[in-house]
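Peer 1: So that we are looking at the same thing, I have put the structure below in structure tokens.
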Amino acid sequence: MSGDDALSFLRASHDVYERYMRLPLEGVIQLEYVWQGGLSKLDLRSKTRTWTSGTPPKLEELPIWNFDGSSTGQAPGHDSEVLLKPAAIFPDPFRGAPHLLVLAMHQPSRRAH
């Protein structure tokens with residue numbers, strides 16, 4: 001990629017980011033679950049859940065969520081469900097109030113199949 005192409009890409013990326021950050025989110029709270037992936041200590045993963053109950057949740061109100069751990073090296077392909085258990089919540093510095101970052105611990109689901 002040439003320097004001009006890279007600059008054009010960065011400008012377009014910033015424009016998309018700005019449009020995304022201006023989307024109206026009245027009445028909902030975005031919960032960004034963040035956990036450590038299985039590839040290295042610096043491998044952070046995340047996914048967003050929409051909370052529609054109006055008021056920001058307390059830690060004990062947050063649901064356990066799941067993801068497919070086979071793509072992150074955290075579970076074998078034949079039994080790949082991994083649970084995300086909320087461990088701490090913080091104000092989201094990227095989206096701003098009232099949105100939250102949810103730091104989560106991961107564990108195998110151990111469901112009977």
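Peer 1: Where residues in segment 71-113 are among the hydrophobic types (A, V, I, L, M, F, W, C) and farther than 15 Å from R45 by Cβ, which of them is modelled with the lowest pLDDT?
Peer 2: Step by step, filter segment 71-113, then rank; the result is A112.
Peer 1: Any residue in segment 35-52 that is free of Cβ contacts under 8 Å to residues at least 12 places away in the same chain sitting within a Cβ distance under 9 Å of a residue that is assigned to a strand (DSSP E or B) and surrounded by 11 or more Cβ atoms within 10 Å (Cβ to Cβ)? List the pairs, counting only those 6 or more apart or interchain.
Peer 2: Going by the 9 Å Cβ cut-off, the qualifying pairs are L42/Q36; L44/V34; L44/W35; L44/Q36.
The values are calculated or read from the model by the stated rules, or taken from the named source; none is laboratory data. All values derive from a computational prediction rather than experimental measurement. Every residue, glycine among them, receives a Cβ derived from its backbone with ideal geometry; neighbour counts consider all protein chains shown.
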